[in-house]
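A.B. asks: Right, I'll just put the structure down here and ask away after.
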Amino acid sequence: MKKVLTKYVFAVVLMVLAACGRKEEPVDVYSRLQNVSRLELSRMTVGKVGMISDPAFGDARGIIGKAEAMLDAVKVGKRIGVYSYDTYLTAYIDLSELSADDIDIDREAGTAHVILPPVRVMVDGREPQLHEEHYRVTGLRSSITPEERAALKAQMAREVKKELSNSKSSADALKASAEAKAKAWFTQLLENWGYEAQVEIRK
(Lines give C-alpha, C1' and ligand atoms only; values in the text may rest on other atoms or scores of the structure.)
Protein backbone atom coordinates (compact mmCIF):
# COMPACT_ATOMS: atom_id res chain seq x y z
CA MET A 1 0.00 0.00 0.00
CA LYS A 2 2.83 2.40 0.87
CA LYS A 3 4.59 1.70 -2.43
CA VAL A 4 1.38 2.43 -4.35
CA LEU A 5 0.87 5.66 -2.38
CA THR A 6 4.45 6.77 -3.08
CA LYS A 7 3.96 6.23 -6.82
CA TYR A 8 0.65 8.10 -6.72
CA VAL A 9 2.16 11.10 -4.91
CA PHE A 10 5.07 11.17 -7.33
CA ALA A 11 2.69 11.08 -10.31
CA VAL A 12 0.82 14.08 -8.91
CA VAL A 13 4.13 15.94 -8.46
CA LEU A 14 5.05 15.25 -12.08
CA MET A 15 1.70 16.54 -13.34
CA VAL A 16 2.07 19.75 -11.32
CA LEU A 17 5.62 20.27 -12.55
CA ALA A 18 4.64 19.57 -16.14
CA ALA A 19 1.99 22.26 -15.92
CA CYS A 20 4.69 24.94 -15.80
CA GLY A 21 5.29 24.37 -19.54
CA ARG A 22 8.28 24.56 -21.86
CA LYS A 23 8.43 28.35 -21.99
CA GLU A 24 9.61 28.70 -18.40
CA GLU A 25 13.07 30.16 -17.89
CA PRO A 26 15.72 27.78 -16.46
CA VAL A 27 15.59 29.53 -13.09
CA ASP A 28 11.85 28.78 -12.87
CA VAL A 29 12.47 25.12 -13.66
CA TYR A 30 15.10 25.10 -10.93
CA SER A 31 12.76 26.71 -8.38
CA ARG A 32 9.93 24.31 -9.13
CA LEU A 33 12.16 21.28 -8.76
CA GLN A 34 13.84 22.56 -5.60
CA ASN A 35 10.52 23.36 -3.92
CA VAL A 36 9.54 19.69 -4.08
CA SER A 37 12.11 19.16 -1.30
CA ARG A 38 12.47 15.50 -0.27
CA LEU A 39 11.18 13.10 -2.89
CA GLU A 40 10.71 9.46 -1.85
CA LEU A 41 11.54 7.05 -4.65
CA SER A 42 11.47 3.51 -3.23
CA ARG A 43 10.78 1.66 0.00
CA MET A 44 11.92 -1.71 1.24
CA THR A 45 11.24 -3.92 4.23
CA VAL A 46 14.23 -5.75 5.69
CA GLY A 47 13.16 -8.70 7.81
CA LYS A 48 15.25 -10.42 10.46
CA VAL A 49 14.55 -13.69 12.22
CA GLY A 50 16.07 -14.56 15.59
CA MET A 51 15.83 -17.40 18.07
CA ILE A 52 15.92 -17.64 21.85
CA SER A 53 16.83 -20.95 23.46
CA ASP A 54 18.89 -22.29 26.32
CA PRO A 55 22.54 -22.01 25.28
CA ALA A 56 24.63 -25.11 24.76
CA PHE A 57 27.61 -25.55 27.07
CA GLY A 58 30.03 -24.65 24.27
CA ASP A 59 28.20 -21.37 23.59
CA ALA A 60 27.94 -20.27 27.21
CA ARG A 61 30.23 -17.51 28.48
CA GLY A 62 31.80 -17.15 31.88
CA ILE A 63 31.69 -19.45 34.89
CA ILE A 64 28.06 -18.60 35.70
CA GLY A 65 27.00 -19.11 32.11
CA LYS A 66 28.76 -22.47 31.94
CA ALA A 67 27.11 -23.58 35.19
CA GLU A 68 23.65 -22.53 33.96
CA ALA A 69 24.25 -24.37 30.67
CA MET A 70 25.18 -27.55 32.55
CA LEU A 71 22.00 -27.26 34.64
CA ASP A 72 19.87 -26.64 31.53
CA ALA A 73 21.35 -29.72 29.88
CA VAL A 74 19.81 -32.03 32.48
CA LYS A 75 16.41 -30.31 32.62
CA VAL A 76 13.42 -32.08 31.14
CA GLY A 77 11.68 -30.43 28.19
CA LYS A 78 12.35 -28.00 25.35
CA ARG A 79 12.73 -24.22 25.30
CA ILE A 80 12.71 -22.30 22.05
CA GLY A 81 11.21 -19.08 20.74
CA VAL A 82 11.50 -17.83 17.14
CA TYR A 83 10.80 -14.17 16.44
CA SER A 84 10.77 -11.89 13.41
CA TYR A 85 11.48 -8.15 13.27
CA ASP A 86 11.05 -5.74 10.34
CA THR A 87 12.97 -2.56 9.55
CA TYR A 88 11.73 -0.13 6.89
CA LEU A 89 14.13 1.59 4.49
CA THR A 90 13.37 4.55 2.23
CA ALA A 91 15.43 5.77 -0.74
CA TYR A 92 14.98 9.46 -1.49
CA ILE A 93 16.40 12.55 -3.19
CA ASP A 94 16.47 15.88 -1.37
CA LEU A 95 15.77 18.35 -4.17
CA SER A 96 16.38 21.28 -1.83
CA GLU A 97 20.09 20.45 -2.40
CA LEU A 98 19.66 21.22 -6.11
CA SER A 99 21.57 24.31 -7.25
CA ALA A 100 21.02 26.52 -10.31
CA ASP A 101 24.38 25.27 -11.64
CA ASP A 102 22.92 21.75 -11.76
CA ILE A 103 20.46 22.74 -14.49
CA ASP A 104 21.61 23.62 -18.00
CA ILE A 105 18.80 24.32 -20.45
CA ASP A 106 19.40 25.33 -24.06
CA ARG A 107 16.04 26.54 -25.32
CA GLU A 108 17.23 27.06 -28.86
CA ALA A 109 18.69 23.57 -29.17
CA GLY A 110 15.84 22.11 -27.13
CA THR A 111 18.15 20.27 -24.73
CA ALA A 112 18.20 20.01 -20.96
CA HIS A 113 21.00 18.64 -18.77
CA VAL A 114 20.13 18.11 -15.10
CA ILE A 115 22.38 16.78 -12.34
CA LEU A 116 20.23 15.55 -9.45
CA PRO A 117 21.37 15.35 -5.80
CA PRO A 118 22.53 11.89 -4.68
CA VAL A 119 20.05 9.21 -3.70
CA ARG A 120 20.21 8.47 0.01
CA VAL A 121 18.85 5.54 2.00
CA MET A 122 17.59 5.95 5.54
CA VAL A 123 15.93 3.79 8.17
CA ASP A 124 12.34 4.95 8.11
CA GLY A 125 10.87 3.04 11.03
CA ARG A 126 10.94 -0.32 12.73
CA GLU A 127 8.42 -2.76 14.06
CA PRO A 128 7.46 -1.70 17.60
CA GLN A 129 7.49 -5.31 18.77
CA LEU A 130 8.85 -8.69 17.78
CA HIS A 131 6.48 -11.05 16.00
CA GLU A 132 6.35 -14.47 17.62
CA GLU A 133 6.70 -17.10 14.89
CA HIS A 134 7.15 -20.15 17.11
CA TYR A 135 7.11 -20.72 20.86
CA ARG A 136 7.62 -23.98 22.71
CA VAL A 137 8.48 -24.29 26.39
CA THR A 138 7.85 -27.67 27.97
CA GLY A 139 8.83 -29.69 31.03
CA LEU A 140 10.87 -27.88 33.64
CA ARG A 141 12.11 -25.19 31.29
CA SER A 142 11.51 -21.57 32.26
CA SER A 143 9.42 -19.18 30.15
CA ILE A 144 11.13 -16.77 27.78
CA THR A 145 11.27 -13.41 29.55
CA PRO A 146 10.53 -9.89 28.25
CA GLU A 147 14.19 -9.06 28.96
CA GLU A 148 15.34 -11.84 26.64
CA ARG A 149 13.00 -10.63 23.89
CA ALA A 150 14.22 -7.04 24.32
CA ALA A 151 17.84 -8.21 24.10
CA LEU A 152 17.07 -10.17 20.92
CA LYS A 153 15.34 -7.14 19.37
CA ALA A 154 18.37 -4.94 20.11
CA GLN A 155 20.69 -7.56 18.63
CA MET A 156 18.61 -7.78 15.44
CA ALA A 157 18.60 -3.97 15.10
CA ARG A 158 22.41 -3.97 15.37
CA GLU A 159 22.62 -6.65 12.68
CA VAL A 160 20.47 -4.59 10.29
CA LYS A 161 22.64 -1.52 10.92
CA LYS A 162 25.76 -3.55 10.23
CA GLU A 163 24.29 -4.94 7.02
CA LEU A 164 23.46 -1.43 5.78
CA SER A 165 27.15 -0.56 5.93
CA ASN A 166 27.99 -3.59 3.78
CA SER A 167 28.69 -2.65 0.15
CA LYS A 168 26.56 -5.56 -1.01
CA SER A 169 23.66 -4.88 1.31
CA SER A 170 19.99 -4.67 0.36
CA ALA A 171 20.28 -0.90 0.82
CA ASP A 172 22.54 -0.71 -2.23
CA ALA A 173 19.97 -2.61 -4.29
CA LEU A 174 17.30 -0.18 -3.10
CA LYS A 175 19.52 2.79 -3.98
CA ALA A 176 20.24 1.44 -7.46
CA SER A 177 16.52 0.93 -8.07
CA ALA A 178 15.76 4.47 -6.87
CA GLU A 179 18.45 5.97 -9.13
CA ALA A 180 16.98 4.20 -12.16
CA LYS A 181 13.49 5.47 -11.28
CA ALA A 182 14.72 9.03 -10.75
CA LYS A 183 16.49 9.12 -14.11
CA ALA A 184 13.47 7.70 -15.92
CA TRP A 185 10.95 9.98 -14.21
CA PHE A 186 12.91 13.22 -14.62
CA THR A 187 13.82 12.37 -18.20
CA GLN A 188 10.13 11.91 -18.95
CA LEU A 189 9.31 15.18 -17.18
CA LEU A 190 11.80 17.17 -19.26
CA GLU A 191 10.65 15.46 -22.44
CA ASN A 192 7.09 16.48 -21.57
CA TRP A 193 8.38 20.05 -21.50
CA GLY A 194 9.74 19.49 -25.00
CA TYR A 195 13.43 19.01 -24.26
CA GLU A 196 15.84 16.29 -25.23
CA ALA A 197 16.89 15.33 -21.71
CA GLN A 198 20.08 14.14 -20.10
CA VAL A 199 19.72 13.33 -16.41
CA GLU A 200 22.59 12.43 -14.09
CA ILE A 201 22.77 11.75 -10.37
CA ARG A 202 25.60 12.90 -8.16
CA LYS A 203 27.33 10.11 -6.26
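The values are calculated or read from the model by the stated rules, or taken from the named source; none is laboratory data. Note that this is a predicted model, so its numbers are computed, not measured. In this analysis, Cβ positions are derived from the backbone assuming ideal geometry, glycine residues included, and neighbour counts consider all displayed protein chains. Surface areas here come from the heavy atoms of the whole protein model, side chains and all, with no ligands, DNA or RNA. Shrake-Rupley method; radii C 1.70, N 1.55, O 1.52, S 1.80 Å.
A.B. asks: Does region 158-180 hold any residues that are surrounded by 16 or more Cβ atoms within 10 Å (Cβ to Cβ) and either in contact (Cβ under 8 Å) with a residue 40 or more places away in the chain or among the charged types (D, E, K, R) (or both), and which are they?
C.D. replies: Kept after step one, since they are surrounded by 16 or more Cβ atoms within 10 Å (Cβ to Cβ), are these residues of region 158-180: 160, 164, 169-171, 174-175, 178-179.
Hits for region 158-180 are Val160, Leu164, Ser170, Ala171, Leu174, Lys175, Ala178, Glu179.
A.B. asks: Scan region 127-147 for residues that are surrounded by 14 or more Cβ atoms within 10 Å (Cβ to Cβ) and either part of a loop (DSSP other than H, G, I, E, B) or in contact with a helix residue (DSSP H, G or I) (Cβ under 7 Å, 6 or more places away or on another chain) (or both) and jot them down.
C.D. replies: From region 127-147, those surrounded by 14 or more Cβ atoms within 10 Å (Cβ to Cβ) are 127, 130, 137, 141, 144; that's our starting set.
Once the filter is applied, which keeps residues that are surrounded by 14 or more Cβ atoms within 10 Å (Cβ to Cβ) and either part of a loop (DSSP other than H, G, I, E, B) or in contact with a helix residue (DSSP H, G or I) (Cβ under 7 Å, 6 or more places away or on another chain) (or both), region 127-147 yields Glu127, Leu130, Arg141, Ile144.
A.B. asks: Continuing with this model, one more query. Return the residue satisfying two criteria in turn: it lies in region 105-127 and is more than 15 Å from Leu39 (Cβ to Cβ), of a type in the set (Asp, Glu) and touching a strand residue (DSSP E or B) at 6+ places or on another chain (Cβ under 8 Å), and of such residues it is modelled with the highest pLDDT.
C.D. replies: Asp106
A.B. asks: Given the structure, is Ala60 at pLDDT below 70, touching a helix residue (DSSP H, G or I) at 6+ places or on another chain (Cβ under 7 Å) and farther than 26 Å from Lys162 by Cα?
C.D. replies: On the way: at pLDDT below 70: yes; touching a helix residue (DSSP H, G or I) at 6+ places or on another chain (Cβ under 7 Å): yes; farther than 26 Å from Lys162 by Cα: no.
The answer is no for Ala60.
A.B. asks: In addition: Which one of the conditions (1) open to solvent by less than 80 Å² (accessible area, probe 1.4 Å); (2) in contact with a helix residue (DSSP H, G or I) (Cβ under 7 Å, 6 or more places away or on another chain); (3) modelled with pLDDT under 90; (4) not aromatic (Phe, Trp, Tyr) does Asn192 fail to meet, given that it meets all the rest?
C.D. replies: (1) is the only condition that Asn192 fails.
A.B. asks: Separate question: Anything in region 86-122 that is open to solvent by 10 Å² or more (accessible area, probe 1.4 Å) and within 20 Å of the chain's Cα centre (by Cα)? List them, or say none.
C.D. replies: Result: Asp86, Tyr88, Tyr92, Asp94, Pro118, Arg120, Val121, Met122.
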